[in-house]
Amino acid sequence: MSTKIQNKTDIIITRVTSTISVLVTVVLLIWGGKTLVNYLEYEDTNDAQIDEYINPITVRANGYIKTVNFIENQEVKKGDTLVVIDNSDYTVQQDEANASVLNAEAQIAVLNSNVHTAETAASGSRARIAAAKAKLWKQEAEYARYKKLFDLESATRQQLETVQSLLEVAQADYNAAKEDYSAAMSRAQDIAVQSQVLRSEVTRRRAVLKRNDLNTSYTVVTAPYDGKMGRRTIQPGQVLQTGQTIAYIVDRSAGKWVVANFKETQIGKMSVGEDVEVEVDAFPDEHFKGKIESLSAATGSRFSLLPPDNATGNFVKIAQRIPVRIRITGDPDQVKLLNAGMSASVQVRKRSHS
């Protein structure tokens, strides 16, 4: 009886073992077949990361921080105020520059008035020239008449000398009127030149005012584009220097991409524009789509601080990695889940090249 039970037990164990072996074999065949198909049809790598533009925000003005209007990891829009710097020194310079411009413009107004006065004086001198010329012409005619009378002994020498002296006075008055007119015109021209010089000075002072306005505007630091702020390391009251980095911002407007480092033996059948499947470790249930945007012009090692030089000896051949940039496409809400630095796995379908 016990022998029969033992035989039945052995038969059951054998059947169970055979069934499990068959199931394991089937699973291994399916897994192996799938792996083989993937190996034949796809190139893949898990040496990949999500990337975005992460840019520093630097200040362009010196001063004490008045307010800080962002917190760590805050979403911001382009133009949002991030930091306000105390602008007291800059507003004083701005007021001084504005007063300087107003002063120069007032001087131009005074010079314009002086030009008008000088031109009026020149017009008066021109009128005196005409009067002196008429007087001179009359005295010349009078002298000619008395000269004839003197030659005919109808006038005395005294009378002739008196007329001659009046002629000389008229000539002197005429010359003086012409010199006064020339002096008045020269004075008007000098004032006009001074006015032009002062206009140039006004232009320069307006440029200074514009620069001061620009410097004052730098005391308000705004977000350069839509993005997400990084770590905050500043506090109100802290002194900032020109060029100092106050925060980092992740540029949301430039999109996201994957940098996948494929082996040099894998990229032979890849080309720009190919569809890519991306899996991100942080979201194993999500499937992301992408397209190859570009292939690096050199291996990653060539862009390192100290590129390897195989001519130095002890050469060991190692498969190099080529960075491939992949643009993430698809549902924007899905893409928002991704953050720079996340690890990813990438699959690219092989294509035959004739």
Label point distance in nm, Asn339-Glu293, each placed 7 Å from Cα along Cα→Cβ = 2.1 nm
ask   = What area, in nm² and to one decimal, does the C-alpha convex hull of the chain cast on average over all directions?
value = 46.9 nm²
key: Karplus-derived HN-Hα couplings along the stretch 102-111 (A = 6.51, B = -1.76, C = 1.60, θ = phi - 60°), whole Hz, x at Gly and Pro   = 4, 5, 5, 5, 5, 5, 4, 4, 5, 5
remark   = Residue by residue through the stretch 17-26, the couplings from Karplus 6.51 cos²θ - 1.76 cosθ + 1.60 with θ = phi - 60°, in Hz, x for Gly and Pro, are 4, 5, 5, 4, 4, 5, 4, 4, 4, 4
request  = May I ask you to sort Tyr64, Tyr53 by Cβ crowding, counting other Cβ atoms within 10 Å and putting the fewest first?
outcome  = Tyr64, Tyr53
note = Taking the chain and counting helices only, DSSP H stretches of n ≥ 4 at -39,500 (n - 2.57) each over all residues, the nearest-500 ellipticity at 222 nm comes to -17500 deg cm²/dmol
ask   = GNM on the chain, C-alpha springs below 10 Å: top fluctuator among Glu75, Glu52, Glu264?
value = Glu264
key: Ranked list, fewest to most other Cβ atoms within 10 Å of each Cβ, for Val76, Val348, Val24   = Val24, Val76, Val348
ask   = Which order do Thr265, Thr117 fall in if you start with the one that has the fewest other Cβ atoms within 10 Å?
value = Thr265, Thr117
key: Whichever aspartates and glutamates have a C-alpha closer than 19 Å to that of Lys148, once near sequence neighbours (fewer than 8 apart) are set aside   = Glu140, Glu161, Glu168
key: Candidate lysines for bridging to Lys256, where Cα separation is under 21 Å - those fewer than 8 sequence places away on the same chain excluded   = Lys77, Lys78, Lys228, Lys289, Lys291, Lys336
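Coordinate-derived values only; no laboratory data. Everything numeric here is computed off the predicted structure, so don't read it as measured data. Positions of Cβ are generated from backbone atoms using ideal geometry, with glycine treated the same way; all protein chains shown enter the neighbour counts.
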